[in-house]
Amino acid sequence: MPAYNQSMYLELDKVIETNKGQKGAVMMTLQSAQDIFGHVPKDVQIRIAEGLGVPLSEVYGVATFYSQFALDPRGQYIIGVCLGTACYVKGSKDVLDKVVETLATPVGKTSPDGLFTIKDTRCLGACGLAPVMMINDDVYGRLVPADIPGILNKYRA
Ligand code: FES
């Protein structure tokens, strides 16, 4: 899990100070906060709301509306299992279920060891390899659920 330190909060405070009163301040500040912390957890949202003098509901609304913002810590590895049509018909849902089962972590969440975040994705543009999964920049194709534990183990070393 990422460690937060005082300097991150000080940096955030500077951003808040700069953006305060500007148009789009919430959006701009959230973007900077995500750069600083890697995601925008609740306490960061609260600090932004208080600093900018806007309701927490507004900050939360923006943070949850735009998919670019992660509310939870992201894992070192982002696993994206394609649920596009070509992959779906070739069984990608079973592959995704196997990832979820193997990591005991639901889709959209990060494994307790902080290593993996599981996502389902739209077409990754590699339909010829369906069903497809990406782990960061690595592409895995023609998967069956039984492949999953071995693949994940490679990232645990
Ligand atoms: S549908 Fe999965 S890569 Fe295109």
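The values are calculated or read from the model by the stated rules, or taken from the named source; none is laboratory data. Computed from a predicted model, the values in this text were never measured in an experiment. Quick reminder, even Gly has a Cβ in these numbers, built from the backbone with ideal geometry, and neighbours come from all protein chains shown.
Some values worked out for this structure:
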| quantity | calculated |
| --- | --- |
| Residue, surrounded by the fewest Cβ atoms within 10 Å (Cβ to Cβ), within the range 1-37, restricted to residues that are charged (D, E, K, R) and over 26 Å from D113 (Cβ atoms) | K23 |
| Which numbered condition T18 misses (of (1) assigned by TED's automatic domain parsing to the domain that holds P145; (2) away from the ligand (no atom under 16 Å from the Cβ); (3) hydroxyl-bearing (S, T, Y)) | (1) |
| Residues of the range 1-20 that turn out to be touching a residue at least 12 places away in the same chain (Cβ under 8 Å) and farther than 14 Å from V62 by Cβ, as a count | 12 |
| Subset of the range 38-48 [over 25 Å from I135 (Cα atoms) and either surrounded by fewer than 17 Cβ atoms within 10 Å (Cβ to Cβ) or within 15 Å of the chain's Cα centre (by Cα) (or both)] | K42, D43, I46 |
| Residue check, V59 buried (at least 19 other Cβ atoms within 10 Å of the Cβ), out of contact with any Ser or Thr (no Cβ under 7 Å at 6 or more places or on another chain) and either of a type outside the set (A, V, I, L, M) or in a helix (DSSP H, G or I) (or both) | yes |
| Among the candidates G108, G84, G80, G51, residue that is surrounded by fewer than 19 Cβ atoms within 10 Å (Cβ to Cβ), of a type outside the set (F, W, Y) and modelled with pLDDT of 95 or more | G51 |
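For every residue, the table says whether it meets (1) assigned by TED's automatic domain parsing to the domain that holds H39; (2) over 29 Å from I36 (Cα atoms).
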{"position": "G61", "(1), (2)": "yes, no"}
{"position": "G84", "(1), (2)": "no, yes"}
{"position": "V95", "(1), (2)": "no, yes"}
{"position": "E101", "(1), (2)": "no, yes"}
{"position": "V107", "(1), (2)": "no, no"}
{"position": "D113", "(1), (2)": "no, no"}
{"position": "G125", "(1), (2)": "no, yes"}
{"position": "G141", "(1), (2)": "no, yes"}
{"position": "D147", "(1), (2)": "no, yes"}
